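Asker: Before we start, here is the structure in question, set down as structure tokens.
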4 protein chains.
Amino acid sequence: MLKIGVIGCGAIGRDHIRRLRNLVPGATVAACSDYFRESAEKTAQQYDISHIFDTGEELIGSGEVDAVLIASSDTSHAGYVLESLKQGKPVFCEKPLAQTSADCEKIIEAELALGKRLVQVGFMRRYDPGYREMKRIVESGELGNPLMIHASHRNMHQPQGLTSEMGVSNIAIHELDICRWLLGDEYKNGQVLKVRQSSYSVKGYDNPQIVLLETGTGCRIDVEVQLSDGYGYDIQCQVVCEKGTISLPDPYAVVTRSDAGRSVPILTDWSQRFIQAYDIELNEWVRAVENNSCNGPGAWDGYAACVAADTLNRSRNTGRFMEIQMMRKPDLYDVC
Amino acid sequence: MLKIGVIGCGAIGRDHIRRLRNLVPGATVAACSDYFRESAEKTAQQYDISHIFDTGEELIGSGEVDAVLIASSDTSHAGYVLESLKQGKPVFCEKPLAQTSADCEKIIEAELALGKRLVQVGFMRRYDPGYREMKRIVESGELGNPLMIHASHRNMHQPQGLTSEMGVSNIAIHELDICRWLLGDEYKNGQVLKVRQSSYSVKGYDNPQIVLLETGTGCRIDVEVQLSDGYGYDIQCQVVCEKGTISLPDPYAVVTRSDAGRSVPILTDWSQRFIQAYDIELNEWVRAVENNSCNGPGAWDGYAACVAADTLNRSRNTGRFMEIQMMRKPDLYDVC
Amino acid sequence: MLKIGVIGCGAIGRDHIRRLRNLVPGATVAACSDYFRESAEKTAQQYDISHIFDTGEELIGSGEVDAVLIASSDTSHAGYVLESLKQGKPVFCEKPLAQTSADCEKIIEAELALGKRLVQVGFMRRYDPGYREMKRIVESGELGNPLMIHASHRNMHQPQGLTSEMGVSNIAIHELDICRWLLGDEYKNGQVLKVRQSSYSVKGYDNPQIVLLETGTGCRIDVEVQLSDGYGYDIQCQVVCEKGTISLPDPYAVVTRSDAGRSVPILTDWSQRFIQAYDIELNEWVRAVENNSCNGPGAWDGYAACVAADTLNRSRNTGRFMEIQMMRKPDLYDVC
Amino acid sequence: MLKIGVIGCGAIGRDHIRRLRNLVPGATVAACSDYFRESAEKTAQQYDISHIFDTGEELIGSGEVDAVLIASSDTSHAGYVLESLKQGKPVFCEKPLAQTSADCEKIIEAELALGKRLVQVGFMRRYDPGYREMKRIVESGELGNPLMIHASHRNMHQPQGLTSEMGVSNIAIHELDICRWLLGDEYKNGQVLKVRQSSYSVKGYDNPQIVLLETGTGCRIDVEVQLSDGYGYDIQCQVVCEKGTISLPDPYAVVTRSDAGRSVPILTDWSQRFIQAYDIELNEWVRAVENNSCNGPGAWDGYAACVAADTLNRSRNTGRFMEIQMMRKPDLYDVC
């Protein structure tokens, strides 16, 4: 039974705890901690968790914890990941891996020093059956080489304080990961475009915005990013290959004919859209840890997304594509 | 220039006149008549029609009229068709051809006596590109033999006085024609089923009802018939063949994502659903008359639909399939 | 940790064992048995199962087993269910519950004697998110009363020895359950229709066939049943209500544009279609057993489907609807 | 009866002649001409056209011709349009209006001198019921302001000699017109992006390429342009508004379930995609000429598309958005 310690008992942390309890045999949530002790206590009580720690560091160091799951605030991620590596414990870190490329590089160095991959980043879309099938088709070559990706990432309600930069580094970050993964390619150039401001969005922040990327092989990617689209949570992705296109489907949902229209519901928040992907993700992570292996997005993937986001945010208002400069990829990350 | 006389200046009659004027070169509406003279006068004025006749018979007999289009009340159809045949003039008759099988037989006899097909019945769905493509695929054999048809004919608002029987003889009549045509087969048995009454329909009349048919080769057909479906005018048809199915598409209409749903509008009345089919129908009819030929649904098709409707209405409440008995098909109707 | 004993180590049994192991925390497969001892041994080895029994009865009686899962041959179901009830153990039985209505009645009597529901039948479609949403909409009343269901159950390959009767009692049995459940209504009449024989089906057996049903409130149901449809495993279901229709969606699958067509793949066998439903089903069953409660389809539902199937098979070739006669529903089954 | 003279008897010219004959009452093709006299003669014979002229100029000047339709080679358009204006005759010119902005300006000046709009440009998509409905929704304001357009223009086979520049000026020209029209806005900036070259396209030419545009109000437009997409002729367009999106539908086409897939055919060349739009376009043009009015895309629209195309082609390989500079819009073009 793998004993997991969860750092961060907010909505996402509790959702992962529920998931580990109800859907992932072979794992138990042995410990939790939160910046607000009360929140950790409530969670521990609700889910029968034996150990509560005042700090993430204590949780990571405890003998009660075999592996760590980080669902705390974004700014704390890098520190907890580094601490987990110091303790030699497998760690699952919600995205983003770190706030800066520099912090990502430190994590990579720590892993390289260990000579072993222990970090997984929570890019759950890679576990969605739709994206997986898209990748399978791209890689099969049956439609020829991929040439372009057209994507949209639309949210219904703009969270308080979510700046223009975070629209890229926290929202479009999922596309920054999934497009690399679908194409099996790294980014070369990028640019963020300003768009006519929606009157439904918070003043002073760019919404919508468009992310443009070019990969090493010349593939072009456009991602529409909306923080308050006025109608729902809607994720679209189309890979255009030499002999055809492949599109992510809308979720499985009943079709109604009523009131002079044929309609299919669209989700209004993100929590249900990739719920199956989250389930598979944690299940496969626990299996991998059990087998002392790794198969998910790792520190390198967290780094790549972070470098792209940084560069894109710097390109804003320049009217130019900016070069996305990454370090050479260490061999450790070629394996899985 | 083909001089056409139109009998009946109600909504359908005027729509055909507009169509002949605006979309069918080579034809002119030379005369019109209506049970209410005032209606004919108004129409004549609106569309610059030179001759108004007090009766359909006078219009048919006039030297100003080369061909006749009948859009008057259902009960008057058979009489005007017979009169047109007496005058040896091509006649386009809105469905139904006649109210009884006996009247249809008289029309067939009259055509047989002329030794020439002059009658076309307004089964416009045969001109819809969707049904045409369905027929093409069925006949190509690429999906094997047809085995079943599932169809729905749903109207939004039940017209005053439209009885249970008329739900079959005036509404489902389109399916009675199109299914024979799609399958290239005649009916053997039929039955109407009563369904739980919709509270939105007129009391005392059966709505919805289900029509079941079996063809000579054993194909099964089910047609859901609704007179007040609560949401729109919706026509669905699926042919199930040995190796696959073919479905009539929903009409060409924009897809909207808004208000937590992806939706496509559904029409609320019948007038627009097959408007392209009506356009093609009249255009091809005029071309055929010009060439002294025929290529549309004729008296035999009007008769076949009428016999099926009669039998189905007699089967109501018997709980049994009833044999659909037709006369032997005269050779005249094998040609086209 | 709930100790489950699995009877039957064929494809379905092994799939359930895998599921219990990988996706259902709180349960362990403690024992297994099979008609072929070798099959049980292989399975035990593959999945680390401690106890193998020569007979289902021994397994059911063992102190190592808290709850029983039956996935053996159809003819053995009723006996194992009765034995489980004798031992007072919760039992999950793959459909059908029994081969005859009489055996179903014995099971109901045994449960009534216990005064407690212990039996769940494997009608997994009730756990599919699509059917669940359909039921939610029907019950919400937002579209008015349900009036009709149009359904298709199409299989690609006809299993050896699957007779016309089994097309109803083993294949359409899923629709016999799901339609009752969607409508919240019992069947009153039923009839099976013969259809033009597909040349791709086994000679001597009826394929396709059409099942017609009428419920107590007068709702009409038609189910197309195909054992070798020539193209895929395809399940369709539409509930027609007074103010609109609700349709089961096709599974979540990528959309490809290639080779002059826009296409979505259709599964070629049943095993993947309701895989999520199977996962939820077993998970919820284990939760219910843990809580000493029940929430799934029970003995009454197994009985209702069995009576309908029997009657339908007797109606074959009569050309008439036959009355579906059920015993009065015991209060025990009103609760859940 | 409006007497039309057609210049250019190639595929498009003959198709328009057929259309005028078969679908547009009130017009007659009175004359034709072609660079190859033989081609004009053949066409005249096939369609019973009385007058053949050696040159477009003679045709335009003839008393037999009331209105001119130009379907000759692109380079000849501007000259014939100017000649028609000189003769004060209404002229329908296939796109492009001219090869250079300078020539478009000459045409505008000529129309301004006449003080009357006589020129219509063949941007037939404005007559497509799908685009029309999209515009209606945008203008209704029900989805708020438009913010972005995502479009794809994909052709199956790259015509010989179609250069990278022509991909913009002759292919994407339709999007350059339709996007302005949908948004009711002019372009401010534009850029063409190079994309990884498809191995199925002609070497040396850019295929695919991406057109980026920004309008005066800050709307962003991206158009994927493919000359050999490997699968079909596929036109996609989505307008993203503040409260939702509106998408152009795929054409009306039957849905087939066969061979492990649900599929809808995609056209393989452009000729059928907007055939209904072409029909409506010519019909409305003849009605407008009859009424001495105008309601279609005019010289200003031809100019706007031309300026955008020129600027886009100059931006190629600069990596920058380039300003799209237009003259002030004369009042004459505000009316319709």
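Asker: What residue, of C:44, C:67, C:71, C:40, is surrounded by 17 or more Cβ atoms within 10 Å (Cβ to Cβ) and farther than 13 Å from residue C:9 by Cα?
Answerer: One residue alone meets the criteria, C:67.
Asker: Can you pull out the residues in region C:114-132 that are buried (at least 21 other Cβ atoms within 10 Å of the Cβ) and not in a helix (DSSP H, G or I)?
Answerer: Within region C:114-132, C:117, C:118, C:119, C:120, C:121, C:122, C:123, C:128 qualify.
Asker: For region D:116-133, give me each residue that is more than 11 Å from every other protein chain (Cβ to nearest Cβ) and basic (Lys, Arg).
Answerer: Across region D:116-133, the qualifying residues are D:116, D:117, D:125, D:126.
Asker: So in region A:139-153, with the set limited to residues that are part of a strand (DSSP E or B) and either on the phi > 0 side of the Ramachandran plot or not aliphatic (A, V, I, L, M) (or both), which one is nearest to the other protein chains (Cβ to nearest Cβ)?
Answerer: A:150
Asker: Given the conditions (1) modelled with pLDDT of 95 or more; (2) more than 21 Å from residue D:309 (Cβ to Cβ), and given that residue D:77 satisfies all but one, which numbered condition is not satisfied?
Answerer: (2)
Asker: Have a look at B:317, B:313, B:283, B:291 and point out the one that is under 30 Å from residue B:118 (Cα atoms), among the polar types (S, T, N, Q) and over 20 Å from the mean Cα position of the chain (by Cα).
Answerer: From the options B:317, B:313, B:283, B:291, the qualifying one is B:291.
Asker: Quick check on residue C:172: is it within 11 Å of chain B (Cβ to nearest Cβ) and either surrounded by fewer than 19 Cβ atoms within 10 Å (Cβ to Cβ) or closer than 17 Å to residue C:304 by Cβ (or both)?
Answerer: no
Asker: So how many residues does region C:86-109 have that are hydrophobic (A, V, I, L, M, F, W, C) and in a loop (DSSP other than H, G, I, E, B)?
Answerer: 2
Asker: For residue A:292, work out the one condition from (1) modelled with pLDDT of 95 or more; (2) closer than 22 Å to residue C:25 by Cα; (3) not charged (D, E, K, R) it doesn't fulfil.
Answerer: So the condition that residue A:292 fails would be (1).
Asker: Further question: Answer yes or no as to whether residue A:287 is basic (Lys, Arg), at the interface with chain C (Cβ under 10 Å from one of its Cβ atoms) and farther than 30 Å from residue A:21 by Cβ.
Answerer: No.
Asker: Just to verify a result, which residue in region A:191-203, among those that are of a type in the set (Val, Ile, Thr) and in contact with a strand residue (DSSP E or B) (Cβ under 7 Å, 6 or more places away or on another chain), is farthest from the other protein chains (Cβ to nearest Cβ)?
Answerer: A:192
Asker: Would you be able to tell me the number of residues in region B:154-213 that are part of a helix (DSSP H, G or I) and touching a residue at least 40 places away in the same chain (Cβ under 8 Å)?
Answerer: Within region B:154-213, residues that are part of a helix (DSSP H, G or I) and touching a residue at least 40 places away in the same chain (Cβ under 8 Å) number 18.
Asker: Also, I was wondering about something else. What's the total number of residues in region A:214-242 that are more than 10 Å from chain D (Cβ to nearest Cβ) and aromatic (Phe, Trp, Tyr)?
Answerer: Within region A:214-242, residues that are more than 10 Å from chain D (Cβ to nearest Cβ) and aromatic (Phe, Trp, Tyr) number 1.
Asker: Then there's this: In the set A:206, A:177, which member is more than 10 Å from every other protein chain (Cβ to nearest Cβ), in contact with a Phe, Trp or Tyr (Cβ under 6 Å, 6 or more places away or on another chain), more than 17 Å from residue D:210 (Cβ to Cβ) and not polar (S, T, N, Q)?
Answerer: Unique residue meeting the criteria: A:177.
Asker: In region A:81-94, what residues are surrounded by 23 or more Cβ atoms within 10 Å (Cβ to Cβ) and under 17 Å from the mean Cα position of the chain (by Cα)?
Answerer: A:81, A:91, A:92, A:93 - these are the residues of region A:81-94 that are surrounded by 23 or more Cβ atoms within 10 Å (Cβ to Cβ) and under 17 Å from the mean Cα position of the chain (by Cα).
Asker: Which of (1) of a type outside the set (S, T, N, Q); (2) within 13 Å of another protein chain (Cβ to nearest Cβ); (3) over 27 Å from residue A:153 (Cβ atoms); (4) in contact (Cβ under 8 Å) with a residue 12 or more places away in the chain does residue D:136 not meet, given it meets every other one?
Answerer: (4) is the only condition that residue D:136 fails.
Asker: Take residue B:79 and decide whether it is without any contact (Cβ under 8 Å) to a residue 40 or more places away in the chain and either assigned to a helix (DSSP H, G or I) or farther than 28 Å from residue B:328 by Cα (or both).
Answerer: yes
The values are calculated or read from the model by the stated rules, or taken from the named source; none is laboratory data. Owing to the predicted nature of the structure, the values given are computational and were not obtained by experimental measurement. Because the Cβ atoms are built from the backbone with ideal geometry, glycine has one as well, and the counts that use them run over all protein chains shown.
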